[in-house]
Amino acid sequence: MKSPPEAPPSKGTSAWHRARVGDRVVYSFSANRAPGRSGGEARAVAGRLVLEVVAVQQPWAWLKLSFTDDAGKPLSNPRLARELHLPMRMDASRPLEVPREGTESVEQPSAAGRTWEAKRYVRDNRPSDGPMENRLYAVSPGPLYLTNGLLDASTTLSGFGDTGGNQLTLVEVRQGAEGGTATAPALERPFGPGTWYDLRLSMPDHNGVERTCFSAEQGHVLRVQGPAPTAGGEPCPSFAEAEVVPLEQSLMELLSEAIGTTRWPPPKTTATSRGTFSGEGRNVASLTFDTPETEGSTRKVRYETYAADPWDASLAGLAQEARFRTLTEGVDRLGAKGKREPEAFTKLSAWGVWAGSAK
């Protein structure tokens, strides 16, 4: 797959331009949900989150993201069970200022063995059944540039039967040795940045292929979705209209997703069938769940197909978010003899790495 042309060596002065192999931040994390109004079970996960620079090859700093328990052992939670990699561009292709919302106050907290000049931002949406968000940032991030200076973050759910929350608290920050070198990792298990994937849609009112592209620049994740480009062109030609999310906010969102996926596959019923899903020239072991439906005199079957193992090698290069969605889902009509005829569906049709390994 053709990649965008290599950019000239980066000469900026931001902290990302001074990134060293071995720069790392460690946070304790927790996420929990109480049973909802309709019942269910309480869910919780906790441990350590480590974000570390594992290679620096301009214009990229390559990061490794991992989650473990407090003893450093792997977690059983499906979304957090494997290390992830992401290339972070040292330069910014567009303004990346994301306003910090909420009531601001000044503090001098102690964290990771030092005292920081910091600002806290509290946004309380509980009166409108939303969450309360509490964020604490170092005024001068210094070695905390990896997460834009984040010292502590918490989200407390409220309203609509939701009870629980997420927490990140800094416990360690370290700078790597000057002059350290390492080979850029292959994006076999990417967090998202540096990759793309396509969904083929066949609906009564819409047919086409939608592409989702990811990048990351100076501590922010960029995500853009739109019609798949013409074959032979750049896989992700532009991020000018991309959604921009600070990396630390993406990590908080990942915790929310993880607590909602405590087992795999997600449906509680037994799989209707096991099979093989074909995509991007690869075969993926899959599980399909069928649900019969009736609409008037028409019999239908709604189906969902998931990867049997979302971390299987056959999915190499696929963004983390897409591994935990359906590979395909849709509705089939049943003919007089039980023959299934597609009515509507979405299908993961292709994926790849556009950033590749930096040269």
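The values are calculated or read from the model by the stated rules, or taken from the named source; none is laboratory data. Predicted model, so just to flag it, every value in this text is computed and none were measured. Positions of Cβ are generated from backbone atoms using ideal geometry, with glycine treated the same way; all protein chains shown enter the neighbour counts. Protein only, heavy atoms only, side chains kept; ligands, DNA and RNA dropped before computing areas. Shrake-Rupley method; radii C 1.70, N 1.55, O 1.52, S 1.80 Å.
Assess whether Y121 counts as being in contact (Cβ under 8 Å) with a residue 24 or more places away in the chain and among the hydroxyl-bearing types (S, T, Y).
Working: in contact (Cβ under 8 Å) with a residue 24 or more places away in the chain: no; among the hydroxyl-bearing types (S, T, Y): yes.
Judged against the criteria, Y121 is not a match.
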State yes or no: is G296 farther than 30 Å from A55 by Cα and either among the aliphatic types (A, V, I, L, M) or free of Cβ contacts under 8 Å to residues at least 40 places away in the same chain (or both)?
yes
Take L136 and decide whether it is modelled with pLDDT of 95 or more, under 20 Å from L251 (Cα atoms) and in contact with a Lys or Arg (Cβ under 7 Å, 6 or more places away or on another chain).
yes
Taking region 163-220 as the region of interest, how many residues are open to solvent by less than 50 Å² (accessible area, probe 1.4 Å) and among the hydroxyl-bearing types (S, T, Y)?
6
Among the strands (runs of 3 or more DSSP E) contained in region 41-92, which hold 2 or more residues that are over 24 Å from W196 (Cβ atoms) and open to solvent by 20 Å² or more (accessible area, probe 1.4 Å)?
43-57
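State yes or no: is L96 modelled with pLDDT of 95 or more and either of a type in the set (K, R) or closer than 30 Å to G180 by Cα (or both)?
For L96, the condition - modelled with pLDDT of 95 or more and either of a type in the set (K, R) or closer than 30 Å to G180 by Cα (or both) - is not met.
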Tell me, which strands (runs of 3 or more DSSP E) wholly within region 268-351 include 2 or more residues that are in contact with a helix residue (DSSP H, G or I) (Cβ under 7 Å, 6 or more places away or on another chain) and surrounded by 15 or more Cβ atoms within 10 Å (Cβ to Cβ)?
282-295
Of (1) charged (D, E, K, R); (2) modelled with pLDDT under 95; (3) touching a strand residue (DSSP E or B) at 6+ places or on another chain (Cβ under 7 Å), E248 satisfies every one except (2)
Condition first: assigned to a strand (DSSP E or B) and more than 25 Å from R82 (Cβ to Cβ). Can you find one or more residues in region 211-222 that meet it?
no
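Every residue, every condition in (1) farther than 24 Å from V45 by Cβ; (2) touching a helix residue (DSSP H, G or I) at 6+ places or on another chain (Cβ under 6 Å), yes or no:
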residue	(1), (2)
R79	no, yes
D91	yes, no
R94	yes, no
A111	no, no
R114	yes, no
A118	yes, no
S128	yes, no
A138	yes, yes
In region 240-269, how many residues are under 19 Å from P99 (Cβ atoms) and touching a Pro at 6+ places or on another chain (Cβ under 8 Å)?
0
Can we say R79 is in contact (Cβ under 8 Å) with a residue 40 or more places away in the chain and within 22 Å of T169 (Cα to Cα)?
yes
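Name the one entry in R89, R94 that is among the charged types (D, E, K, R), under 21 Å from the mean Cα position of the chain (by Cα) and on the phi < 0 side of the Ramachandran plot. Steps first, please.
Numbers: R94 fails: under 21 Å from the mean Cα position of the chain (by Cα).
After ruling out the rest, the residue left standing is R89.
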Restricting attention to region 93-130, report how many residues are part of a loop (DSSP other than H, G, I, E, B), hydrophobic (A, V, I, L, M, F, W, C) and under 29 Å from A242 (Cβ atoms).
2
Given the conditions (1) over 28 Å from F214 (Cα atoms); (2) of a type outside the set (D, E, K, R); (3) at pLDDT 95 or above, which single one is not true for V301?
(3)
Identity of the residue in region 222-245, β-branched (V, I, T) and open to solvent by less than 60 Å² (accessible area, probe 1.4 Å), that ends up nearest to K347 (Cα to Cα)
V224
Just the residues that are open to solvent by 30 Å² or more (accessible area, probe 1.4 Å) and either within 21 Å of the chain's Cα centre (by Cα) or touching a residue at least 12 places away in the same chain (Cβ under 8 Å) (or both), please, taken from region 100-110.
R100, E101, G102, T103, E104, S105, V106, E107
